[in-house]
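This report concerns only the one structure given below.
The values are calculated or read from the model by the stated rules, or taken from the named source; none is laboratory data. None of the values given here were measured: they were computed from a predicted structure. When we count neighbours, we look across all protein chains shown, and the Cβ atoms used for this are built from the backbone with ideal geometry, even at glycine.
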Amino acid sequence: MASRYSYEEEGLRQAIIVNPIAGRGQARDIRDLVVRAFGRLGETIVFETTAVGDEERVAAEAIAASCNPLVVVGGDGTCARVARVILERRVDCSLAVVPAGTGNDFAKSLGVAHYTPGQSVALVAVANPVRIDVGLADGDHFINTCGFGFDASVLKATQNVRFLKGDAVYIYSALRQLFSYRGIEIATGGALRRESERMLMAVASNGRSLGGAFRIAPTASVIDGKLDFCFFGDTNVLGRARRFAAALRGTHLTLPGVTGVKADTLTLTFAEKPAMEMDGELRLASSRTVRIECVPRALSVYAAPGALV
């Protein structure tokens, strides 16, 4: 169950959805500051999640209470789960982000990754929301990335890392996987038709970054009506390390064996149902073939001035 309380003043009614464990407790630490700051804008209903999945329920409750915007205090997973409720219900409701996660990749796409609670309030107070693209994979929406192969394997490995925070969690886990990951067979259909081949990973990106530190899609835009697909052919450990380092800088698309393409739709076919990384969450695809598509201008968000290109 999620805890709830309200802070009422004249003006708009907004919902603040806090995931207290996001960012290894960072969201919990700034919760009261965020509540006080947003309370100056008007009536504020605050929800604090206590279990995975609470976001969907409380977001639905906030929408039913005519709250707008929904302010997320958390990371990519929390933002994605709240966004899915907005998208699935097709309501005229905007999403605002107070970054408090591990990688904050979605917040980077909106230009607010380093915003303080005060700056987030100022943005909501003076800016107009804008509409951005989202992705759709295996029937579910994603707002930042959907990855297969090495990406999903690294995400699984991060769940066992307790002694690091922030970008270091993903980087450390990825370095270890460079030596042990076996690769994945992927065939592609659509704009990039290829027979099945051994790959290190495949990533469909709406935003530009992955895992906090990796510039996986350096030319991606959340308003161009397309997703950026990147395919890494597999190689030996030395070659993997070179591609890993290049992805940190965003120069991997120039390397042999790495292919990038912008497309509104692609299908990927695997030898078996693949594990998928979707907005920082691990899940199993419903079938061997996964259709991935862009849904243009589907989500209303608050973004920093000049951030959306």
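Okay, here's what the table says:
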| read-out | value |
| --- | --- |
| Top-ranked residue of region 229-244 - restricted to ones that are part of a loop (DSSP other than H, G, I, E, B) and in contact with a strand residue (DSSP E or B) (Cβ under 9 Å, 6 or more places away or on another chain), ranked as nearest to VAL134 (Cα to Cα) | ASP234 |
| Residues of region 227-245 satisfying the condition of being touching a residue at least 12 places away in the same chain (Cβ under 8 Å) and within 20 Å of SER180 (Cα to Cα) | PHE231, PHE232, GLY233, ASP234, THR235, VAL237, GLY239, ARG240, ALA241, ARG242, ARG243, PHE244 |
| Meets criteria (without any contact (Cβ under 8 Å) to a residue 60 or more places away in the chain, more than 25 Å from ARG215 (Cβ to Cβ) and of a type in the set (Ser, Thr, Tyr)) for THR50 | yes |
| When residues of region 275-302 are limited to those that are outside any strand (DSSP E or B) and either under 15 Å from the mean Cα position of the chain (by Cα) or modelled with pLDDT under 95 (or both), the one farthest from VAL222 (Cα to Cα) | GLY280 |
| Check on ALA51, in a loop (DSSP other than H, G, I, E, B) and either of a type outside the set (D, E, K, R) or not assigned by TED's automatic domain parsing to the domain that holds GLY103 (or both) | yes |
| Subset of region 296-307 [of a type in the set (A, V, I, L, M) and surrounded by 18 or more Cβ atoms within 10 Å (Cβ to Cβ)] | ALA298, LEU299, VAL301, ALA303 |
| Pair list, Cβ under 6 Å, 6 or more apart: region 298-309 residue more than 18 Å from ARG208 (Cβ to Cβ), other residue of a type outside the set (Val, Ile, Thr) and assigned to a loop (DSSP other than H, G, I, E, B) | SER300/PRO129; TYR302/ALA127; TYR302/PRO129 |
| Scope region 226-253; condition modelled with pLDDT of 95 or more and of a type in the set (Ser, Thr, Tyr); matching residues | THR251 |
| From the options ALA83, ALA127, ALA107, ALA137, residue that is farther than 20 Å from GLY211 by Cα, out of contact with any helix residue (DSSP H, G or I) (no Cβ under 6 Å at 6 or more places or on another chain) and aliphatic (A, V, I, L, M) | ALA127 |
| Leading residue by the ranking (surrounded by the most Cβ atoms within 10 Å (Cβ to Cβ)) among those in region 184-216 that are outside any strand (DSSP E or B) and touching a Gly at 6+ places or on another chain (Cβ under 7 Å) | ASN206 |
| Given (1) within 26 Å of ALA83 (Cβ to Cβ); (2) without any contact (Cβ under 8 Å) to a residue 24 or more places away in the chain; (3) touching a helix residue (DSSP H, G or I) at 6+ places or on another chain (Cβ under 9 Å), index of the condition LYS273 fails | (3) |
| Hey, ALA37 surrounded by 19 or more Cβ atoms within 10 Å (Cβ to Cβ), of a type in the set (A, V, I, L, M) and closer than 21 Å to PHE142 by Cβ or not | no |
| Test: VAL58 is hydrophobic (A, V, I, L, M, F, W, C), surrounded by fewer than 19 Cβ atoms within 10 Å (Cβ to Cβ) and not in a strand (DSSP E or B) | no |
